[in-house]
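Notes follow once the structure below has been shown.
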Amino acid sequence: MGKKKIADPSLKGKKPVHKAPSAVTKRMTSNPGKIGNKLKRSEMYGKYLMEKKKKKSDMRRQRAKEAEALGEEAPEKEKPRTLENTREVEATMVRPEDDEIVADEAEDEFAPYFADETRPKILVTTRPRPSQQIFYFIADLQRFFPHLHFYPRKHYSVKEICGFAANRDFTHLMVLSEKDKVCNGMTISHLRVNEGQVTAGPTAFFKISNVIPSTDVPNHGSATSHIPEMNLNGFGTRLGHRVGRFLGSLFPHNAQFQGRQVATFHNQRDYIFVRHHRYIFEEGKEVDKETKKAKTKARLQELGPRFTMKLRWMQEGTFDTQFGEYEWIHKRKEMDTTRRKFHL
């Protein structure tokens, strides 16, 4: 027989109290950046991301329930902090109704294009000894820019091509550079001398990235010969206005609306996203309560190409690397002091 268990002297005369185990809240996995083992760190980091995503979705559902319960008294949605809405205030930011800017733009070298007094005519060429792939990009540009004509570079310098183009009534020169058979740079020079101007210009160099040809755009359409509408968005500073007007001068300003095509230059964080769309209006499924008619919806179809531009420098006059004066040049170490400082 086994020995009888003797209760502890401190428990004599007391009944044991049975308590249900309390619910233990699961602690969220901390960021496992300090774990030395690579496999364990990768595993824990995956769990950390999943828990973080689940917590975020739970909070979103909770806020939606609270808003539904409160009805009209629900608080407004919080705006997320982004680099755009927290950007540093630029001293040259243009106000909507600035008479000085309006007067300057009415007399600059791009005013005849925006008044539809002058139609652009663009000559495009490449670097010496181009690859075959660059010609597919030029074909896309010819469908994007009206009145764009290709001439082979051969052995001529850019200054010689500027003189050749100006003598044949071209208004702009576009020179494409490439690396690893992909376009990585675009130099655009304005060749027409406006009244009251001594020289032509300006000339700008843009870094090109993320080039996607028309054939690789999902569900792409085919561009027609109609002159597209222009959409210049996000150019807020004095420099931004100048760059926007420079890009706007590449298109005629007598848009043919029956083509329903739009060329977009969207500036965001000094990156200019270039897109080409066709729009169509169709009746949706929702019905307007007042008119009892189906609401009209707009649908977009991308035509291509897609690419991104970033301004590196802008020079007065036509292309001149030796004696040309720069209006603006991007100096990364001096200008990009914070991630919230933008120039366009």
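Scanning region 302-344 for residues that are more than 18 Å from the chain's Cα centre (by Cα), modelled with pLDDT of 90 or more and polar (S, T, N, Q) turns up just one, Q315. On the given criteria, is R119 under 30 Å from T338 (Cβ atoms) and of a type outside the set (S, T, Y)? For R119, the condition - under 30 Å from T338 (Cβ atoms) and of a type outside the set (S, T, Y) - is not met.
Evaluated against (1) open to solvent by less than 50 Å² (accessible area, probe 1.4 Å); (2) among the hydroxyl-bearing types (S, T, Y); (3) at pLDDT below 95, T125 falls short on exactly one condition, (3). Apart from one condition, T237 fits all of (1) surrounded by 15 or more Cβ atoms within 10 Å (Cβ to Cβ); (2) at pLDDT 95 or above; (3) within 30 Å of R87 (Cα to Cα); (4) not hydrophobic (A, V, I, L, M, F, W, C); the exception is (2).
Residues that are within 25 Å of L173 (Cα to Cα), free of Cβ contacts under 8 Å to residues at least 40 places away in the same chain and out of contact with any Phe, Trp or Tyr (no Cβ under 7 Å at 6 or more places or on another chain) do occur in region 254-262. State whether one or more residues within region 278-298 are assigned to a loop (DSSP other than H, G, I, E, B), surrounded by 15 or more Cβ atoms within 10 Å (Cβ to Cβ) and not β-branched (V, I, T). No, because not a single residue in region 278-298 is assigned to a loop (DSSP other than H, G, I, E, B), surrounded by 15 or more Cβ atoms within 10 Å (Cβ to Cβ) and not β-branched (V, I, T). What number of residues within region 27-48 are open to solvent by less than 100 Å² (accessible area, probe 1.4 Å) and either part of a helix (DSSP H, G or I) or polar (S, T, N, Q) (or both)? Going through region 27-48 one residue at a time, the tally reaches 12. Kindly indicate whether R260 is in contact with a Lys or Arg (Cβ under 7 Å, 6 or more places away or on another chain) and either open to solvent by 20 Å² or more (accessible area, probe 1.4 Å) or not small (G, A, S) (or both). Here the answer is yes, as R260 does meet what is asked. Checking the stated criteria, E109 turns out not to satisfy the condition of being in contact with a Lys or Arg (Cβ under 9 Å, 6 or more places away or on another chain), open to solvent by less than 70 Å² (accessible area, probe 1.4 Å) and closer than 23 Å to R339 by Cα.
Do you know which residues across region 49-94 are in contact (Cβ under 8 Å) with a residue 60 or more places away in the chain and in a loop (DSSP other than H, G, I, E, B)? L83, E84, T86, R87, E88, E90, T92, V94 - these are the residues of region 49-94 that are in contact (Cβ under 8 Å) with a residue 60 or more places away in the chain and in a loop (DSSP other than H, G, I, E, B).
So in region 240-257, with the set limited to residues that are surrounded by 15 or more Cβ atoms within 10 Å (Cβ to Cβ) and of a type in the set (A, V, I, L, M, F, W, C), which one is farthest from E327 (Cα to Cα)? Once the filter is applied, the top-ranked residue is A255.
Assessment of region 321-343 against the conditions (assigned to a strand (DSSP E or B), among the β-branched types (V, I, T), open to solvent by 40 Å² or more (accessible area, probe 1.4 Å) and without any contact (Cβ under 8 Å) to a residue 24 or more places away in the chain) yields at least one matching residue.
The values are calculated or read from the model by the stated rules, or taken from the named source; none is laboratory data. Since the model is a prediction, treat every value here as computed from it, not as a measurement. Quick reminder, even Gly has a Cβ in these numbers, built from the backbone with ideal geometry, and neighbours come from all protein chains shown. In case anyone asks, the SASA skips ligands and DNA or RNA and just uses the protein heavy atoms, side chains included. Shrake-Rupley method; radii C 1.70, N 1.55, O 1.52, S 1.80 Å.
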